[in-house]
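The values are calculated or read from the model by the stated rules, or taken from the named source; none is laboratory data. Note that the coordinates shown come from a computational prediction; the quantities given were computed from them, not determined experimentally. For neighbour counting, all protein chains shown are included, and Cβ atoms are generated from backbone atoms with ideal geometry for every residue, glycine included. All accessible areas refer to the heavy atoms of the entire protein, side chains included, with ligands and DNA or RNA removed. Shrake-Rupley method; radii C 1.70, N 1.55, O 1.52, S 1.80 Å.
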Amino acid sequence: MGWLELFLIGVGLSMDAFAVSICKGLGMARLRWRQGLLVGVFFGGFQALMPLIGWALGRQFEAYITSVDHWIAFLLLGYIGGKMIWDSFHEDGKAACPAAFDLRELTMMAVATSIDALAVGITFAFLQVDILPAVGLIGLTTFAISLGGVWIGHRFGSRYQSKATLAGGAILCLIGLKILLEHLGMLG
């Protein structure tokens with residue numbers, strides 16, 4: 001898996017964190033970069049940690065699943081991406097945007113937005129991805145996108161939330177399809 005694919009996975013995975021970051025920006029009467037950086041560190045950190053955990057779990061079962069690993073990657077990425085696409089069309093337009101800056105709440109949001117990355121980490125184990133550069137790139141991508149989300153939320157409001165979720169879901173579905181087609185010999 002190349003750097004561009006890893007970057008696109010990072011972008012796709014970071015869309016939930018982006019949406020929550022927009023919410024955090026909405027709740028700021030005055031833009032505070034220190035809080036924005038904190039949001040980026042939490043979301044980027046957990047977005048890097050979860051695929052590492054998933055990769056470690058996946059490595060335990062690699063010998064049993066190698067013959068169907070491409071189907072597992074396709075199904076997991078397709079499910080995650082499909083759920084994100086579904087959510088983008090079925091939100092009531094009033095996403096919960098807690099305004100307070102509570103570290104416990106921020107931790108829970110960072111874990112919640114990075115659960116999908118755990119499943120992606122499992123697929124990394126099957127695809128023989130060099131895990132440290134991969135999780136580093138995913139974490140840095142999420143950090144930057146989350147920091148941008150805080151700024152966008154403060155500046156423009158919540159009109160980009162569902163579009164970001166839709167784009168992230170589509171990216172993950174397309175990468176899953178590409179992995180499947182490559183393993184079936186349909187892409188060069």
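Tally Lys/Arg at +1 and Asp/Glu at -1 over every other residue whose Cβ is under 13 Å from the Cβ of Gly176; what's the total? Write out the running numbers ahead of the final one.
Numbers: positive: Lys83, Lys178; negative: Glu5, Asp69, Asp116, Glu182.
Spelling it out: positives minus negatives among the neighbours equals -2.
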Which whole-percent values make up P(r) of the chain when all C-alpha to C-alpha distances are grouped in 5 Å steps starting at zero?
1, 9, 17, 21, 19, 14, 9, 5, 3, 1, 0
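Could you provide, to the nearest whole Å², the per residue accessible area of the chain with probe 1.4 Å? Don't skip to the answer; put the middle values down first.
On the way: 9510 Å² over 188 residues.
Solvent-accessible surface per residue comes out at 51 Å².
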Let me know the longest stretch in the chain that avoids all trypsin sites (Lys or Arg not before Pro) found in a DSSP loop with at most 12 other C-beta atoms within 10 Å.
95-158
Contour excess over end-to-end distance, with Cα ends at Glu182 and Ile115 and 0.36 nm allotted per residue:
21.5 nm
Take the alpha carbon gyration tensor of segment 1-71, find the square roots of its eigenvalues, order them as a ≥ b ≥ c, and report rounded if a/c is under 1.5; if not, report prolate when a/b exceeds b/c, else oblate.
prolate
Where a Cα-Cα gap under 20 Å defines reach, which aspartates and glutamates qualify for Lys163, not counting those fewer than 8 residues away within the same chain?
Asp16, Asp87, Glu91, Asp92, Asp116
Along Cα→Cβ, 7 Å out, is where each label goes; now give me the distance between the ones at Phe7 and Leu137 in nm to one decimal.
0.8 nm
Could you work out which residue, out of Val68, Val11, Val120, moves most in a Gaussian network model of the chain, that is, has the largest mean-square fluctuation with Cα springs under 10 Å?
Val68
How large a share of the accessible area of the chain, in percent, is made up of carbon and sulfur atoms when the probe is 1.4 Å and the other protein chains stay in place?
68 percent
